[in-house]
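Below is one structure, written out as structure tokens, with a few remarks after it.
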Amino acid sequence: MRSVDDLEVLGRRVLLRSDLNVPLDLTGTGEITDDGRIRASLPVISKLSDRGARVIIIAHLGRPKGGSFAERAAGGPSLRPVAERLGGLLGRPVAFATDVAGESASKTAFSLGDEDVAVLENVRFEPAETSNDAERAAFAQRLARFGELYVDDAFGAVHRKHASVYDLPALLPHAAGDLVREEVAVLRQLTTDPARPFVVVLGGKKPSDKLAVIGNLLGLADRILIGGGMGYTFLAAQGYEVGNSVLEADQIPAVKAVMEEAKRRGVELVLPVDLVAATHFAPDAEHSVVPVTAFPADREGVDAGPRTRALFAEKLADAKTVFWNGPVGVFEFPAFSGGTRAVAEAISRVDGLTVVGGGDSAAAIRTLGLDEGAFGHISTGGGASLEYLEGKTLPGLTALEDDS
Ligand code: ADP
Ligand code: MG
């Protein structure tokens, strides 16, 4: 895998795939609630620009809906505020193209001077970005016209077989950005003879996102703590009432299979024992702590309860390696951030390699005001790091490995 240092970039247009997929305010104001991924993208952008490259950034934001560029662009989210924040952090002006591979992008790309930086509009406004092979390839061709070189620094997207991640590097001389290289180095450490006990904490919203990973983590971890939204499907699989909590009933058989497999392999699965139950999903919702054995049918779980926090902390205390992905509560609402804070604090006390993977988990550490330095590594990629740990080949990395 070539690095940026191996490329001659002076005066050349470099298509840089960055991960600028920052969380936006849950209530819909569009405000950037954590700019960690923008900050993590700065070193490579600065490096390329300092060396005289003409930097054209391709990035995605959120999950735009609609069948065409026009529909998606109308619905948003636009990358423009992100480009503005990037300019502020970089301390230099950043041009913005109002489309991805159209007239504006072309004009922007070809009017750049040495050291200039531009951002193209949300690449997922183009349905072809995530489409089938032929459409993706054609879209990648359109993007490739703008650049002479390609650099992928978007670790958070390397697990996606998307045009800007997978097809584009095949069309241009390419290299991996420093962030991607760093992230891969840490994950390699986690999967190569980790110090034990190796404890994994999984939370987040939906089990369907992460069930495959858990299945494979059973071969790597000694103990898996499951909380957050995905915890309810595990609780439901054990026959507990979960009220209006996020539940993926169709995942119950898969969850049961995971629990069986864990037992067979001697991996300890730890589930919540109490929960914070709220009347509805809102920052000021009325709420109380309930044991998992007596969850009210008309309430929804929004955080881990105090006994669960203590249990998880105890199960982390002797860990020598930790991987954490997914908040254990709706940490975005301060009233429901206690569980996530407790887990983060317990991990920060661990004497060993601690890795936090996940856009929202990493954002939680920063928005809760915790010391980032207390963690071994805070990854910018949730899905990507999980899939790496799963032992999957990541399309974006495969594409970069091909140096021909
Ligand atoms: P990551 O980005 O770290 O991989 P996910 O995207 O899987 O994490 O999940 C993060 C989201 O999960 C957060 O927005 C958080 O509010 C939500 N979440 C956590 N616990 C719950 C819960 N009990 N109910 C609803 N949402 C939850
Ligand atoms: Mg997330």
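The values are calculated or read from the model by the stated rules, or taken from the named source; none is laboratory data. In this text, all values refer to a predicted model and were calculated from it rather than measured experimentally. All Cβ positions, glycine included, derive from the backbone under ideal geometry; neighbour counts span all protein chains shown.
Observations on the model:
- Condition met for G28 (farther than 24 Å from E126 by Cα and out of contact with any helix residue (DSSP H, G or I) (no Cβ under 8 Å at 6 or more places or on another chain)): no
- First in the range 245-257 and under 28 Å from T279 (Cα atoms) and among the charged types (D, E, K, R), second anywhere and more than 16 Å from ligand 2 (Cβ to nearest atom) and modelled with pLDDT of 95 or more, Cβ under 8 Å, 6 or more apart: E248/T233
- Given (1) more than 16 Å from ligand 2 (Cβ to nearest atom); (2) of a type outside the set (S, T, Y); (3) not in a helix (DSSP H, G or I), number of the condition G339 does not satisfy: (3)
- Filter result (touching a Lys or Arg at 6+ places or on another chain (Cβ under 8 Å), in a helix (DSSP H, G or I), within 16 Å of ligand 1 (Cβ to nearest atom) and among the hydrophobic types (A, V, I, L, M, F, W, C)) within the range 151-209: A157
- Filtered residues of the range 35-79 (kept if touching a residue at least 60 places away in the same chain (Cβ under 8 Å), surrounded by 19 or more Cβ atoms within 10 Å (Cβ to Cβ) and assigned to a loop (DSSP other than H, G, I, E, B)): A53, A59, H60, L61, P64
- From the list A399, A362, A374, the lone residue that is away from ligand 1 (no atom under 14 Å from the Cβ), in contact (Cβ under 8 Å) with a residue 60 or more places away in the chain and touching a helix residue (DSSP H, G or I) at 6+ places or on another chain (Cβ under 6 Å) is A399.
- Number of the exception - L353 against (1) within 23 Å of P207 (Cβ to Cβ); (2) surrounded by 17 or more Cβ atoms within 10 Å (Cβ to Cβ): (1)
- Across the range 3-61, the qualifying residues are those that are among the acidic types (D, E) and within 16 Å of ligand 1 (Cβ to nearest atom), and the one among them that is nearest to S106 (Cα to Cα) is D19.
- In the range 214-229, residue modelled with the lowest pLDDT [restricted to those that are over 19 Å from A304 (Cα atoms) and surrounded by fewer than 22 Cβ atoms within 10 Å (Cβ to Cβ)]: N216
- Qualifying residue in the range 323-332 (condition: of a type in the set (F, W, Y), within 12 Å of ligand 1 (Cβ to nearest atom) and either without any contact (Cβ under 8 Å) to a residue 60 or more places away in the chain or closer than 25 Å to E286 by Cα (or both)): yes
- Among the residues examined, E248 qualifies as touching a Lys or Arg at 6+ places or on another chain (Cβ under 7 Å), over 23 Å from D318 (Cβ atoms) and acidic (D, E).
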